[in-house]
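Here, each number is a calculation from the coordinates, and none is a lab measurement. Since the model is a prediction, treat every value here as computed from it, not as a measurement. Methodologically, a virtual Cβ is constructed for each residue, glycine included, from the backbone with ideal geometry; neighbour enumeration extends over all protein chains shown.
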Ligand code: ADP
């Protein structure tokens, strides 16, 4: 079945996108101007950028300027300008001094993409009264469109790099701050726990209440600190896994034991189902437990009642650990945001929970370090199912 002009355009745009990723913008433009000169027998060919565009790409490109570009680039109607004679060129405010004796006709095509003119291609002819044919114009328009896409993608890439650099800088600063916090925080927690044990004297009811509040808040801060430091280590590619043979039933039971108390408090039942053929897997036991505990405690945290089930199955690719809850569920648009750092979905239920917004992103990163992944299926009001996939691997 033949394709529509729009479908062909989309394919051409995709090819340009792929190409611009592998070459620099200036070499792409150099090729464009060289081919245009050859194909259309041009005296010269320039690619000009509008002022906004050249500011956005920090003037890192040195296209020949000088032409009354500002004037030409004010192509508000975004239509090509075809100036067939020297007087028409001059009427556009372009001076034809002795260095431009050969200029007889000029075509200026705006580089339009996303409703914006990013610049223009200037095609300079030494033929008098150049007549442009329909087919030539259509080809030139197509090329101009590809150049505009190339600029657009280049700017997107620059913006992305700038954001990544900024994120790295933020990560470095926060990393230092959290490191500095960890020791005093541990000291505060240790002392508060001692007070709570009442070894050095009994406390009255109010004092017990306050000390327990210090412990709860301290533990929350410490878990935020530890999660952040773990994540930062992974981001800096400094995290190492210690892979070993892990008994699946043992690690699942140990993970469940950690969250049992909070499940009891909410009267949520914890169910463990392990397929008979699942015996042991190769993983970093500490990290695997960290992921499972995080998923289980989220299941409990975000459920009012019902159950949280940890199920482990195995197929020819690896192991699948799924944690299913009967909780509040997550809407499709929020599912996209969950794996971003500090993503806490704003809802009234969430505000009641103590969270760090780092657990899931950390868990997914740890899963990926194992060569696996963490995925989610959820329906608002019905519950969520997070699945950790661990591929088969060799022990270290
Ligand atoms: P937090 O420490 O805030 O729980 P996470 O990264 O573990 O951080 O989770 C991020 C957000 O994802 C939570 O704040 C919550 O909104 C949502 N979430 C995580 N697990 C569940 C779940 N089982 N059910 C519903 N929402 C969840």
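What FRET efficiency would be calculated for the residue pair residue 165, residue 204, taking the C-beta separation as r and a Förster radius of 51 Å, to the nearest 0.05?
Given R0 = 51 Å and the Cβ-Cβ separation, E is 0.40.
Let me know the Kirkwood hydrodynamic radius for region 169-288, please, with Cα pairs as the basis and the value in Å to one decimal.
Hydrodynamic radius (Kirkwood, Cα only) of region 169-288 equals 17.8 Å.
Kindly give Rg over Rh for region 191-257, based on alpha-carbon atoms, with the Kirkwood expression for the hydrodynamic radius.
1.19
Along the Cα→Cβ direction, 7 angstrom out, place labels at residue 127 and residue 277. What is the inter-label distance in nm?
In this crude spin-label approximation the distance works out to 7.3 nm.
Rule-of-thumb check for region 159-233: C-alpha Rg over 2.2 N^0.38 Å?
In units of the 2.2 N^0.38 Å rule of thumb, it is 1.54.
How far is helix 5-22 tilted, in degrees, relative to the longest principal axis of the Cα atoms in the chain, given as a value from 0 to 90 rounded to the nearest 10?
70 degrees
Want the number for residue 187 to residue 79: 0.36 nm per residue separation, take away the alpha-carbon distance, what's left?
31.9 nm
For an R0 of 51 angstrom, estimate the FRET efficiency from the Cβ-Cβ distance between residue 43 and residue 331 and round to the nearest 0.05.
0.25
For the chain, which semi-axes, largest first and in whole Å, follow from the square roots of 5 times the eigenvalues of its Cα gyration tensor?
Values for the chain, descending: 63, 25, 19 Å.
What number, rounded to the nearest 500 deg cm²/dmol, is the helix-based mean residue ellipticity at 222 nm of the chain, given -39500 (n - 2.57) per DSSP H run of at least four residues and division by all its residues?
Helices in the chain give a 222 nm mean residue ellipticity of -17000 deg cm²/dmol.
Under a crude label model (7 Å from the Cα following the beta-carbon direction), how far is residue 373 from residue 87 in nanometres?
6.8 nm
Helix 25-40: angle to the longest alpha-carbon principal axis of the chain, degrees 0 to 90, nearest 10?
30 degrees
Which FRET efficiency value, to the nearest 0.05, is calculated for residue 15 and residue 155 with the Förster distance at 22 angstrom and r the Cβ-Cβ distance?
0.70
State the extension gain, in nm to one decimal, for the chain segment bounded by residue 220 and residue 30, taking 0.36 nm per residue of separation less the distance between their alpha-carbons.
62.7 nm
With each pseudo-label sitting 7 Å past Cα toward Cβ, what's the residue 253-residue 22 distance in nm, one decimal?
Distance between the two pseudo-spin positions: 5.6 nm.
Averaging sequence separations of C-alpha pairs under 8 Å and six or more residues apart, then dividing by the length of the chain, give the relative contact order as a whole percent.
Normalised by residue count, the contact order of the chain is 11 percent.
Based on the Kirkwood radius over alpha-carbon pairs, what value in µm²/s does the Stokes-Einstein equation return for the translational diffusion coefficient of region 77-134 at 10 °C and 1.306 mPa s?
It diffuses with D of about 131 µm²/s by this estimate.
Give me the log10 of I(q) over I(0) for region 352-392 at q = 0.23 Å⁻¹, as the Debye formula computes it from C-alpha points; what are the numbers?
Calculated log10 I(q)/I(0) at the listed q: -0.83.
Can you give me the Rg/Rh ratio for region 229-303, using Cα atoms for both radii and the Kirkwood formula for Rh?
Rg divided by Rh gives 1.03.
Per residue, how big is the convex hull of region 213-366 when only Cα atoms are used? Give it in Å³.
With only Cα atoms used, region 213-366 gives 129 Å³ per residue.
How much of the DSSP beta bridge set in the chain is antiparallel, as a percent to the nearest 5?
Rounded to the nearest five, the antiparallel share is 90 percent.
Angle between the Cα long axis of helix 359-369 and the longest principal axis of the chain, 0 to 90 degrees, nearest 10?
Orientation of helix 359-369: about 70 degrees from the principal axis.
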